[in-house]
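Student: Here it is, the structure, as structure tokens.
The values are calculated or read from the model by the stated rules, or taken from the named source; none is laboratory data. The structure presented is a predicted model; accordingly, all values stated were derived computationally and were not measured. Backbone-built Cβ (ideal geometry, glycine too); neighbour counts: all protein chains shown. Areas reflect the complete protein model, heavy atoms only, side chains present, ligands, DNA and RNA absent. Shrake-Rupley method; radii C 1.70, N 1.55, O 1.52, S 1.80 Å.
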Amino acid sequence: SVIILILGGMAAGAIASLSAFLPAYYAYVVPMFLPAIIYNYSFFDIQRSVLATMYLLFVVMVITIARNNHYLLSTVIHLNYQKDSLINQLSVSNKKLEEFNEEIRVMSITDSLTGLYNRRYFDNSIANELARAQRHGYPLSLMLIDIDNFKYINDHYGHPYGDSYLIFVASVLKKTIRRSNDILVRFGGDEFAAILADLDLGEVKSLCDKIKLEFNKENQHDNVTLSIGIISIEPGNKTDLKNIISAADKMLYQAKEKGKNTIISQKI
């Protein structure tokens with residue numbers, strides 16, 4: 001009886017460690033009690049039969065508990081796996097959503113034809129650049145660039161060629177306006193703009209000469225040129241943004257009026 005009690009304790013105690021793999025638990029418990037059960041039944045005695053039945057019921061009980069425990073463990077493991085899987089899926093979905101949102105953001109501020117920033121980005125950026133220039137005390141220049149006689153390109157070669165020509169001009173500007181803090185924009189139609197920080201007017205004019213030189217290297221139409229208007233805002237100037245854009249537009253208009261293919265500039 002003492003041995004049976006010890007075996008019963010061992011069988012009950014093994015539930016926690018072996019119920020995760022039921023065949024192992026069966027192989028552990030059944031050999032403990034099966035000999036005693038068969039032995040007691042073999043006497044065909046009522047008391048012995050009752051004792052054997054009690055052993056048998058105990059075995060059934062611990063196996064049932066082990067099976068329930070196994071089910072709970074399996075459920076927990078499965079739920080943990082599902083949880084990890086859902087967390088991974090959520091992480092992937094969040095990453096895709098972030099990438100999608102970034103693509104939308106980039107698309108919203110980029111000109112689809114030339115790959116330059118668009119007017120919307122310009123409107124959001126120029127105020128920030130002006131405030132930064134005033135805060136740090138350096139000049140800020142706004143350059144407007146217009147393609148002279150662009151209508152001739154569209155009328156004689158068609159709009160698809162005109163689009164290719166705009167891409168060509170954009171590539172020229174990208175090659176020459178290359179500093180990381182320069183902001184290059186397709187302003188609209190055949191007009192481009194550049195916001196240039198921490199360059200004095202002389203440096204901006206030299207940059208314009210480089211633009212024209214690069215443009216003339218590959219331009220195949222002698223009657224198609226570039227007109228450029230520049231406004232250079234001196235440090236400390238509190239000029240309104242509308243006045244700055246209007247002044248730059250006026251410089252560009254004057255360049256057009258003076259025969260095109262001209263650079264007109266002004267400090268304010």
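Student: With the cut-off at 1.5 for a/c, could you classify segment 49-159 from its C-alpha gyration tensor as rounded, prolate or oblate?
Tutor: Oblate, because a/c is 1.5 or more while a/b does not exceed b/c.
Student: Tilt of helix 22-41 relative to the longest C-alpha principal axis of the chain, in degrees (0 to 90, nearest 10)?
Tutor: With rounding to tens, the tilt is 10 degrees.
Student: For segment 156-228, build the convex hull from the C-alpha positions and give me its volume per residue in Å³.
Tutor: Given the Cα convex hull of segment 156-228, per-residue volume reads 91 Å³.
Student: Taking only protein heavy atoms and a 1.4 Å probe, what accessible area per residue, in Å², does segment 192-262 have with all protein chains in place?
Tutor: 50
Student: Which value, in debye to the nearest 20, describes the size of the charge dipole of the chain about its Cα centre when Lys and Arg Cβ atoms bear +1, Asp and Glu Cβ atoms bear -1, and nothing else is charged?
Tutor: The calculated dipole for the chain is roughly 460 debye.
Student: Still on this structure: Along the Cα→Cβ direction, 7 angstrom out, place labels at T64 and E102. What is the inter-label distance in nm?
Tutor: Output for this residue pair reads 5.9 nm.
Student: Same structure again: With a probe of 1.4 Å, find how much accessible area segment 44-171 has per residue, and write the answer as a whole number in Å².
Tutor: Using a 1.4 Å probe on heavy atoms only, each residue of segment 44-171 averages 66 Å².
Student: Would you work out what percent of the accessible area of the chain, with all protein chains in place, is carbon or sulfur (probe 1.4 Å)?
Tutor: Carbon and sulfur atoms account for 59 percent of the accessible area of the chain.
Student: Cα axis of helix 241-257 to longest principal axis of the chain: angle in degrees, 0 to 90, nearest 10?
Tutor: That works out to roughly 50 degrees.
Student: Quick check on segment 91-213: take the gyration tensor over C-alpha atoms, sort the square-rooted eigenvalues as a ≥ b ≥ c, and tell me if it's rounded (a/c under 1.5), prolate or oblate.
Tutor: Judged from the Cα gyration tensor, segment 91-213 comes out oblate (a/c at least 1.5, b/c at or above a/b).
Student: Moving on. What is the helix-to-structure angle for 2-18, meaning the angle in degrees between its Cα long axis and the longest Cα principal axis of the chain, kept from 0 to 90 and rounded to the nearest 10?
Tutor: Value to nearest ten degrees: 10.
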